[in-house]
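The values are calculated or read from the model by the stated rules, or taken from the named source; none is laboratory data. Computed from a prediction, not measured in an experiment: that's the story for all the values here. Quick reminder, even Gly has a Cβ in these numbers, built from the backbone with ideal geometry, and neighbours come from all protein chains shown. Please note that ligands, DNA and RNA were not included when accessible areas were found on the heavy atoms of the full protein model with its side chains. Shrake-Rupley method; radii C 1.70, N 1.55, O 1.52, S 1.80 Å.
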Amino acid sequence: MIISTNWLKKFTDIDVSIDELTKLIGSRLVEIEEVVDLGKKYEGVIIAKVVECAPLEGSDHLNVTKIDDGGVVQDVERDENGLVQVVCGAPNVRTGLTVAWLPPNSTVPETYGNEPFVLGARKLRGAMSNGMLASAKELDLFDDHTGILELDDDKQAGQKFADAYELNDYLLEIENKSLTHRPDTFGIVGFAREIAGIQGKKFETPNRLNLENVYWIEKDGDIETPSVTIEDAALSSRYQAVVLTNVDSSAKSPLETQTYLARIGVRPHSAVVDATNYLMMVTGQPLHAFDYDKLKAVNGGAIDIRVRAGRDGEKLALLDGREIELSMSDIVIANGETPVALAGAMGGRDTEIDDDTTTVLLESASFNLYNLRNTQMRHGIFSEAITRFTKGQPAPLTEPVLAEAVGLLAASAGAKRASDVADAYPGKTDLRKVYAKAEHMNAALGSAFSTHDIVTTLQNVGFEVEVSDTDVIAATPPYWRADVHISEDLDEEVGRLNGFDSIAPSLPVRDFTAISPDGFDRFRSSVRTVLARAGANEVLTYSFVHGDTIAKAGQDLGNAYRIVNSISPDLQYYRLSLTPSLLGLVRPNVKSGYDSFALFELNKTHSKAFGSGEDGLPEEHDALALTVTGVKDGAAYYKAKRLLEFLAESLGVTLAFRIPEGDSGDDSIAPFDGKRSAEVFDVASGARIGIVGEYKTGVQKAFKLNRDTAGFEIELRALMAVAETAPHRYAPLSKYPSSERDLCFQVAKDVRYADLEASVRAALPAGSVAAAVEPLDIYQPDSGDTKNVTFRITLTPAEKTLSGEDVAAVIDGVIQKVTAEHGALVV
């Protein structure tokens with residue numbers, strides 16, 4: 001963003017040097033990236049009058065002119081009347097014209113700073129030419145080289161061009177990212193207000209922008225007031241429109257206006273376009289003009305303006321020649337059912353103003369900044385208008401700016417106000433007071449401001465301030481300061497405007513004793529440690545995901561909260577569970593050469609199914625998810641199950657696993673295959689903790705997973721609750737050797753592994769011998785009615801070395817129980 005200091009001076013006094021000004025702005029408002037001395041570019045450019053103009057003999061386009069510069073330029077050849085001869089090839093050169101003359105030894109402004117082109121006196125077709133008469137392009141104002149620039153006739157011959165058009169200016173290039181919360185500073189008036197504030201001066205808002213002094217020119221016409229409807233107040237807080245007739249679309253705005261627009265990077269176009277751009281730059285409020293007759297034509301001759309959400313599949317041809325497809329997150333201006341503009345971003349081609357336009361509908365509105373940010377990113381529109389709308393323009397500003405625009409167009413394009421003003425205003429709000437006390441503010445800032453200092457500082461920038469008998473300061477922020485809500489905002493405002501660097505540094509007197517992490521933080525740390533010890537790798541992914549990620553995981557997109565101001569099209573929704581984010585990382589890591597690994601994440605999830613809290617905000621659930629993958633096709637479920645059991649054992653929790661019972665509607669379960677997964681419960685309390693298992697075939701294909709991939713997702717606070725009540729078991733390491741035996745049972749194919757394992761565990765001895773059971777193999781042929789399940793049983797005595805007979809007795813007991821309960825054969 002470029003700010004003209006001369007433009008600022010039209011609204012506030014600046015009584016410091018440019019160096020001091022930039023230092024103040026940099027420390028109290030915003031970073032300045034560059035300061036450009038614009039006046040140097042126009043040194044030597046003189047205003048002159050064309051006194052004589054005649055065709056150059058032998059040329060089909062050149063003219064010999066005699067110009068009057070008031071005799072101010074030295075060392076140039078003159079005739080007996082003191083006139084200077086200049087040969088000019090511009091088609092619009094003529095006697096009586098007021099022009100910008102670049103005399104010999106001056107630099108063409110267009111080339112200033114790069115490879116300067118210095119003019120001289122030389123002959124053209126035998127005629128001496130002293131310098132040149134300049135076009136707007138050669139003056140580096142705007143890209144028009146069709147003829148020389150025609151200046152205002154009231155300018156005096158010999159006057160410096162820079163003085164006449166206020167080009168002895170400094171341009172400040174602003175890094176505006178730090179001002180995204182301050183839409184008022186995206187206009188010259190708002191920026192000037194801040195300049196006044198940081199200089200300790202009271203700013204006077206121009207009358208034409210004062211809500212109590214809005215002035216509309218007399219109505220001169222009988223066109224019906226446009227019908228305006230805002231279908232959803234969340235999309236637009238206010239929309240105003242007025243019809244103007246007798247508009248001269250070919251008229252040009254005053255040259256001084258054009259120079260001010262040009263110097264900050266806005267190309268002058270016509271009086272109509274320039275008026276809307278000029279006011280946008282001055283106030284920060286964008287405007288848009290429709291060709292009224294074209295607008296009526298798209299709706300059968302009627303005007304029925306509707307501000308609504310876009311509809312999926314709708315298309316709109318834009319002014320830049322593109323045709324875009326709309327979505328429900330776009331805001332459109334429609335006449336009847338036909339979209340005619342992408343609200344806040346760009347007008348439509350079908351209602352574009354051209355040289356034949358004589359009647360316009362002028363719009364001034366405020367739109368939802370979050371929808372427009374989405375529109376900006378999705379459609380790649382980065383215009384000056386949408387840049388300001390995405391900062392949140394205040395609704396009250398629309399009326400004074402629209403009224404001023406009507407007045408400007410009346411003066412520059414002969415426009416007449418032919419209708420009353422349509423005003424849909426569903427978002428009207430009352431100003432609120434924010435309270436502060438000097439002692440609290442000084443305690444927060446380390447300052448020594450008096451109540452009078454605070455009141456003066458706030459009043460300088462438009463706050464209405466009252467002070468009670470107890471010195472409580474009640475400040476009412478102006479309508480353009482939607483960023484001020486609490487007393488700390490006032491602290492920041494007063495400290496910033498007076499300069500944080502002016503506050504004497506002092507040591508804090510508060511107690512800064514470190515706060516101990518709470519129990520949940522300590523529990524999460526324990527979980528991280530255990531899983532890292534098991535060889536898993538922790539990751540941290542975005543809480544926001546693309547809708548496609550939710551769909552690929554088989555989850556219900558309707559349960560996900562949509563982010564209206566997403567920072568990227570890929571991050572549109574709050575995720576419903578952690579598992580899809582982990583699955584999205586498996587394939588990239590496999591492609592990078594990592595064959596076997598486990599990833600886990602501890603984070604929050606959000607779902608509409610969780611409901612909202614007392615504050616109306618979405619409930620958050622803390623979750624833990626893990627995904628393990630390998631290159632071998634096998635029983636991946638057991639790898640994930642073993643990692644979960646290792647975690648539970650480390651926390652003193654004993655788990656039970658049960659087959660999921662149908663579709664519970666839980667989105668954390670959705671990615672898992674119900675036939676190859678199990679819900680997880682705490683044995684002691686019976687509380688459900690989560691799910692472990694392999695993923696559905698569709699999920700595997702969508703995320704391009706190896707078949708040997710499984711995982712789990714558990715409710716972290718539920719696990720913490722059972723871990724806190726679990727008995728603390730400690731057993732010293734046995735000094736006696738362990739004994740291992742492998743048992744393979746052949747059972748009917750419909751016998752569940754969990755039932756088989758339960759029988760094995762029930763048969764193992766309790767007491768001084770610790771027993772562990774783990775699956776080694778499950779073999780089930782494609783045909784046949786049986787399957788083979790192999791267990792490894794590990795016996796670890798605490799009191800003596802087990803003999804062969806001791807081990808055999810235990811194994812025999814296991815065999816007898818399993819064969820009796822399941823009809824198994826030992827193979």
- Scope the range 679-718; condition of a type in the set (Phe, Trp, Tyr) and either over 34 Å from the mean Cα position of the chain (by Cα) or within 18 Å of Leu602 (Cα to Cα) (or both); matching residues: Phe681, Tyr695, Phe712
- Members of the range 336-364 that are part of a strand (DSSP E or B) and open to solvent by less than 40 Å² (accessible area, probe 1.4 Å): Pro339, Val340, Ala341, Leu342, Gly347, Gly348, Val360, Leu361, Leu362, Glu363, Ser364
- Query: Listed residues Leu716, Leu795; which is at pLDDT 90 or above and either of a type in the set (Lys, Arg) or outside the structural domain of Arg658 (by TED's automatic domain parsing) (or both)?
  - Reply: Leu795
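Residue by residue, here is whether (1) among the β-branched types (Val, Ile, Thr); (2) at pLDDT 95 or above; (3) open to solvent by less than 80 Å² (accessible area, probe 1.4 Å) holds:
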{"site": "Gly197", "(1), (2), (3)": "no, yes, yes"}
{"site": "Pro206", "(1), (2), (3)": "no, no, yes"}
{"site": "Tyr215", "(1), (2), (3)": "no, no, no"}
{"site": "Thr225", "(1), (2), (3)": "yes, yes, yes"}
{"site": "Ile230", "(1), (2), (3)": "yes, yes, yes"}
{"site": "Ala234", "(1), (2), (3)": "no, no, yes"}
{"site": "Ala241", "(1), (2), (3)": "no, yes, yes"}
- Query: Could you say which residue among Ala411, Ala444, Ala403 is under 28 Å from Thr476 (Cβ atoms), of a type in the set (A, V, I, L, M, F, W, C), outside any loop (DSSP other than H, G, I, E, B) and in the same structural domain as Ala241 (by TED's automatic domain parsing)?
  - Reply: Ala403
- Message: Looking at the range 107-125 only, could you name the residues that are open to solvent by 10 Å² or more (accessible area, probe 1.4 Å) and in contact (Cβ under 8 Å) with a residue 60 or more places away in the chain?
- Response: Thr107, Tyr112, Gly113, Leu124, Arg125
- Item | Residues within the range 327-338 that are in contact with a strand residue (DSSP E or B) (Cβ under 6 Å, 6 or more places away or on another chain) and within 18 Å of Asn374 (Cα to Cα), tallied | 4
- Message: Can you tell me which residue is least open to solvent (accessible area, probe 1.4 Å) among those in the range 552-576 that are within 24 Å of Ala309 (Cα to Cα) and among the hydrophobic types (A, V, I, L, M, F, W, C)?
- Response: Ala560
- Are any residues in the range 739-776 out of contact with any strand residue (DSSP E or B) (no Cβ under 7 Å at 6 or more places or on another chain), among the aliphatic types (A, V, I, L, M) and in contact (Cβ under 8 Å) with a residue 40 or more places away in the chain, and if so, which ones? Val751, Ala762, Ala763
- Query: Among the residues of the range 509-523, is there at least one that is of a type in the set (Lys, Arg), in contact with a Gly (Cβ under 9 Å, 6 or more places away or on another chain) and either without any contact (Cβ under 8 Å) to a residue 12 or more places away in the chain or surrounded by 12 or more Cβ atoms within 10 Å (Cβ to Cβ) (or both)?
  - Reply: no
- Task: Take Gln85 and decide whether it is assigned to a strand (DSSP E or B) and either at positive phi or not assigned by TED's automatic domain parsing to the domain that holds Val266 (or both).
- Result: yes
- Item | Some residue of the range 718-740 being touching a Phe, Trp or Tyr at 6+ places or on another chain (Cβ under 6 Å) and either surrounded by fewer than 16 Cβ atoms within 10 Å (Cβ to Cβ) or within 30 Å of Ser581 (Cα to Cα) (or both) | yes
- Message: Take the conditions open to solvent by 70 Å² or more (accessible area, probe 1.4 Å), part of a helix (DSSP H, G or I) and closer than 28 Å to Gln376 by Cβ and apply them to Asp548. Does it pass?
- Response: yes
- Before we move on, is Lys41 basic (Lys, Arg) and over 27 Å from Thr180 (Cα atoms)? yes
- Taking only pairs six or more apart or across chains, which ones have beta-carbon atoms under 6 Å, a first residue in the range 190-211 that is over 21 Å from Ala403 (Cα atoms) and part of a helix (DSSP H, G or I), and a second residue that is among the aliphatic types (A, V, I, L, M) and open to solvent by 20 Å² or more (accessible area, probe 1.4 Å)? Glu194/Leu29; Ile198/Leu24
- Would you check if there is a residue in the range 128-135 being open to solvent by less than 20 Å² (accessible area, probe 1.4 Å), in contact with a His (Cβ under 8 Å, 6 or more places away or on another chain), among the small types (Gly, Ala, Ser) and assigned by TED's automatic domain parsing to the domain that holds Val99? yes
- Query: Say we look at the range 458-476 and pick out the residues that are of a type in the set (A, V, I, L, M, F, W, C) and open to solvent by less than 50 Å² (accessible area, probe 1.4 Å); which of these is nearest to Arg193 (Cα to Cα)?
  - Reply: Val461
- Query: If you take the residues of the range 152-203 that are under 16 Å from Glu384 (Cα atoms) and aliphatic (A, V, I, L, M), which of them is farthest from the chain's Cα centre (by Cα)?
  - Reply: Ile188
- Please state which one of Arg78, Arg94 is closer than 22 Å to Leu124 by Cα and without any contact (Cβ under 8 Å) to a residue 12 or more places away in the chain. Arg78
- Message: Could you tell me how many of the residues in the range 665-683 are among the charged types (D, E, K, R) and open to solvent by less than 20 Å² (accessible area, probe 1.4 Å)?
- Response: 2
- Message: I need the full set of residues from the range 11-53 which are crowded, with 19+ Cβ neighbours inside 10 Å, of a type in the set (A, V, I, L, M, F, W, C) and closer than 30 Å to Ser135 by Cα, in order please.
- Response: Leu38, Val45, Ile46, Ile47, Ala48, Val50
- Item | Leading residue by the ranking (nearest to the chain's Cα centre (by Cα)) among those in the range 787-822 that are of a type in the set (Ser, Thr, Tyr), outside any helix (DSSP H, G or I) and surrounded by fewer than 17 Cβ atoms within 10 Å (Cβ to Cβ) | Thr790
- Number of the condition not met by Gly190 [criteria: (1) surrounded by 18 or more Cβ atoms within 10 Å (Cβ to Cβ); (2) at pLDDT below 95; (3) not assigned by TED's automatic domain parsing to the domain that holds Gly96]: (2)
- Task: Just need a number here: residues in the range 483-508 that are touching a helix residue (DSSP H, G or I) at 6+ places or on another chain (Cβ under 9 Å) and part of a loop (DSSP other than H, G, I, E, B).
- Result: 4
- Task: Output the strands (runs of 3 or more DSSP E) that fall wholly within the range 224-315 and possess 1 or more residues being among the β-branched types (Val, Ile, Thr) and touching a helix residue (DSSP H, G or I) at 6+ places or on another chain (Cβ under 7 Å), or say none.
- Result: 236-245
- Scan Val455, Val494 and give me the residue that is open to solvent by less than 30 Å² (accessible area, probe 1.4 Å) and over 34 Å from the mean Cα position of the chain (by Cα). Val455
